[in-house]
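I have placed the structure first, in the form of structure tokens, so that the comments after it can refer back to it.
The values are calculated or read from the model by the stated rules, or taken from the named source; none is laboratory data. No experiment lies behind these values; they were computed from the predicted model shown. Neighbour counts are summed over all protein chains in view; Cβ atoms, including those assigned to glycine, are modelled from backbone coordinates with ideal geometry. Side chains included, ligands, DNA and RNA excluded: accessible areas come from the protein's heavy atoms. Shrake-Rupley method; radii C 1.70, N 1.55, O 1.52, S 1.80 Å.
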Amino acid sequence: MNTKNIPSIKPVKKPKVNVITLGCSKNIYDSEVLMGQLRGNQMEVVHEAEQVNKDDIIVINTCGFIDNAKQESIDTILQYSQLKEEGKVGKVIVTGCLSERYKPELESEITNVDAFFGTNDLNNILHSLGANYKHELIGERLLTTPSHFAYFKIAEGCNRPCSFCAIPLMRGKHVSRDMNELVNEAKVLAANGTRELILIAQDLTYYGLDIYGKRNLDELLRRLSDVPGIEWIRLQYAYPSGFPMEILDAMNERENICKYLDMPLQHITDRMLKSMRRGITKQKTVDIVNQIRDKVPGIAMRTTLITGYPGETEADFEEMLNWVEDTRFDRLGCFTYSHEEKTHAHSLVDDVPEEVKQERVDAIMELQQGISFEINQEKVGNTYKVLIDRKEGDFFIGRTEFDSPEVDNEVLIDAAMHYAAPGSFVQVKIDRAEDFDLYGQIVK
Ligand code: SF4
């Protein structure tokens with residue numbers, strides 16, 4: 001048979017998918033799961049590639065938390081829909097929290113976006129891209145972080161009633177993930193070189209209450225701690241009220257559970273905590289911080305605060321400032337209150353002027369800068385286990401177990417004197433300390 005005349009059927013090359021992630025580590029996780037599934041469908045997928053081509057499909061994973069984040073998401077959508085208008089990209093798909101929260105408005109205002117999806121729409125997104133959800137890929141992600149650390153989402157949504165927060169509107173009720181599934185995912189990550197798991201959820205401490213009828217984050221921690229290759233397990237987003245102290249037993253027992261706890265406290269005066277519906281008082285907050293520090297000596301505590309919540313007086317603010325001075329958190333972030341529609345607090349008057357909100361943030365962060373400097377001085381002369389994240393300029397840059405990526409302190413090591421491969425652990429003796437950075441020599 002003469003095959004010369006049979007036209008060769010060139011396989012139709014699926015367009016490249018370029019995923020853009022905005023917002024928090026939970027969004028990073030969701031983008032990585034989507035990218036893992038796309039790769040599992042033999043699709044070419046990249047993350048935030050600057051170079052775009054006319055056939056590319058852009059998937060924007062948006063954030064809808066507070067004003068600034070919403071604006072950034074809208075600007076990003078407009079940027080890519082403009083590129084589509086100019087024929088420089090093929091399709092624009094929007095997903096994530098902003099899309100979950102404002103789909104009808106976005107659909108009517110930005111009409112050349114191909115599709116808007118919610119936060120729990122993985123199957124539909126894959127379907128719209130000509131791909132199928134592959135159950136066997138559970139736990140398989142395309143990491144966007146350096147491969148030696150990975151965000152590890154153990155639950156979705158939140159059952160808490162915090163008055164200022166729109167997250168439950170976008171992420172729904174708390175749903176814990178199956179423990180065996182999580183342990184398998186950790187094994188896959190460890191086999192691929194991940195050494196640090198950063199546990200995330202809206203509220204870590206709620207883990208298990210829905211599917212196991214009890215809080216059992218401590219059991220999950222022990223099982224993850226048993227996974228060979230995992231050297232650090234870090235806890236982010238713990239809620240203060242009803243805090244399960246047994247977590248700290250696991251932390252004391254297991255070398256590879258970092259003595260680090262991120263616990264957003266938001267405010268401290270009884271009046272503000274009540275109006276915020278945080279379910280905790282000033283005294284209970286002070287007690288829980290002291291109990292945690294007593295139970296795990298040397299633990300690094302991070303918190304997050306809000307200034308300018310409706311009704312916050314100068315006296316409220318002074319009380320918070322004094323409490324920050326007394327408590328001396330190791331790490332602290334502070335944000336201005338954002339008046340979010342459909343939240344409980346939206347029914348209150350947003351009476352604190354924006355500039356006053358910002359002045360209060362600046363005052364707290366200035367105070368914290370001094371506290372951080374003093375705490376860091378106490379580290380000079382000590383030797384710490386450091387995970388090297390990258391080389392930047394003249395330095396290898398890493399973190400101690402007391403530092404989370406992107407938000408906390410870093411350790412800088414002179415690259416002219418030392419070599420340390422990113423992803424490796426080294427022992428570093430600290431010889432100089434600044435507000436948020438430590439400098440040191442590799443000793444082993
Ligand atoms: S715990 Fe409160 S602040 Fe945190 S996600 Fe839930 S409702 Fe929002």
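Might you check whether a residue that is open to solvent by 80 Å² or more (accessible area, probe 1.4 Å), under 17 Å from residue 22 (Cα atoms) and without any contact (Cβ under 8 Å) to a residue 40 or more places away in the chain occurs anywhere in the stretch 78-89?
Taking the stretch 78-89 first, the residues open to solvent by 80 Å² or more (accessible area, probe 1.4 Å) are 78-79, 82, 85-86, 88.
Next cut, under 17 Å from residue 22 (Cα atoms) only: 78-79.
Right, trim to without any contact (Cβ under 8 Å) to a residue 40 or more places away in the chain and you get 78-79.
Checking the stretch 78-89: at least one residue is open to solvent by 80 Å² or more (accessible area, probe 1.4 Å), under 17 Å from residue 22 (Cα atoms) and without any contact (Cβ under 8 Å) to a residue 40 or more places away in the chain.
Sort through 375, 388, 364 and tell me the only one that's closer than 24 Å to residue 302 by Cβ, among the β-branched types (Val, Ile, Thr) and outside any helix (DSSP H, G or I). Full working, then the answer.
On the way: 375 fails: outside any helix (DSSP H, G or I); 364 fails: outside any helix (DSSP H, G or I).
The conditions single out 388.
Which one of 219, 253 is in contact with a Ser or Thr (Cβ under 9 Å, 6 or more places away or on another chain) and among the acidic types (Asp, Glu)? Let's see the steps before the verdict.
Values: 219 fails: in contact with a Ser or Thr (Cβ under 9 Å, 6 or more places away or on another chain).
When all the criteria are applied, what remains is 253.
Assess whether residue 138 counts as being surrounded by fewer than 21 Cβ atoms within 10 Å (Cβ to Cβ) and either of a type in the set (Gly, Ala, Ser) or modelled with pLDDT under 95 (or both).
yes
Taking the residues in the stretch 308-351 that are part of a helix (DSSP H, G or I), of a type in the set (A, V, I, L, M) and without any contact (Cβ under 8 Å) to a residue 60 or more places away in the chain as candidates, determine which candidate is surrounded by the fewest Cβ atoms within 10 Å (Cβ to Cβ). Give the steps one after another, and end with the answer.
Of the stretch 308-351, the ones part of a helix (DSSP H, G or I) are 314-327, 344-347.
Imposing the further condition that a residue be of a type in the set (A, V, I, L, M) reduces the set to 315, 320-321, 324, 345.
Narrowing the set further to residues that are without any contact (Cβ under 8 Å) to a residue 60 or more places away in the chain leaves 315, 320-321, 324.
Working: 315: 10, 320: 25, 321: 16, 324: 21.
Here the residue is 315.
Exactly one of these conditions fails for residue 216: (1) among the polar types (S, T, N, Q); (2) surrounded by fewer than 21 Cβ atoms within 10 Å (Cβ to Cβ); (3) within 16 Å of the ligand (Cβ to nearest atom). Give me its number.
Single failed check for residue 216: (3).
If you go through the stretch 90-118, how many residues are within 30 Å of residue 346 (Cβ to Cβ), open to solvent by less than 40 Å² (accessible area, probe 1.4 Å) and outside any strand (DSSP E or B)?
Adding up the residues that qualify gives 10.
Could you run through the stretch 150-185 and say how many residues are over 19 Å from residue 46 (Cα atoms), away from the ligand (no atom under 16 Å from the Cβ) and in contact (Cβ under 8 Å) with a residue 24 or more places away in the chain? Don't jump to the end; show me each part of the working.
So in the stretch 150-185, the residues over 19 Å from residue 46 (Cα atoms) come out as 152-185.
Filter once more, so that each one left must be away from the ligand (no atom under 16 Å from the Cβ): 152, 177-185.
So of that shortlist, the ones also in contact (Cβ under 8 Å) with a residue 24 or more places away in the chain come out as 152, 177-179, 181-185.
Looking only at that region, the number is 9.
Within the stretch 354-400, work out how many residues are of a type outside the set (Gly, Ala, Ser) and closer than 27 Å to residue 313 by Cα. Spell out the reasoning first.
Going through the stretch 354-400, the residues of a type outside the set (Gly, Ala, Ser) turn out to be 354-362, 364-369, 371, 373-380, 382-392, 394-397, 399-400.
Cutting the leftovers down to closer than 27 Å to residue 313 by Cα gives us 354-362, 364-369, 371.
The number of residues fulfilling the criteria is 16.
Can you go through 200, 247, 211 and tell me which one is β-branched (Val, Ile, Thr) and within 15 Å of the ligand (Cβ to nearest atom)? If you could, list the steps in order and put the result at the bottom.
Values: 247 fails: within 15 Å of the ligand (Cβ to nearest atom); 211 fails: within 15 Å of the ligand (Cβ to nearest atom).
Among 200, 247, 211, only 200 is β-branched (Val, Ile, Thr) and within 15 Å of the ligand (Cβ to nearest atom).
Could you list, in sequence order, the residues of the stretch 272-307 that are in a helix (DSSP H, G or I) and among the basic types (Lys, Arg)?
Of all residues in the stretch 272-307, those in a helix (DSSP H, G or I) come to 272-275, 282-295.
Result: 274, 282, 284, 293, 295.
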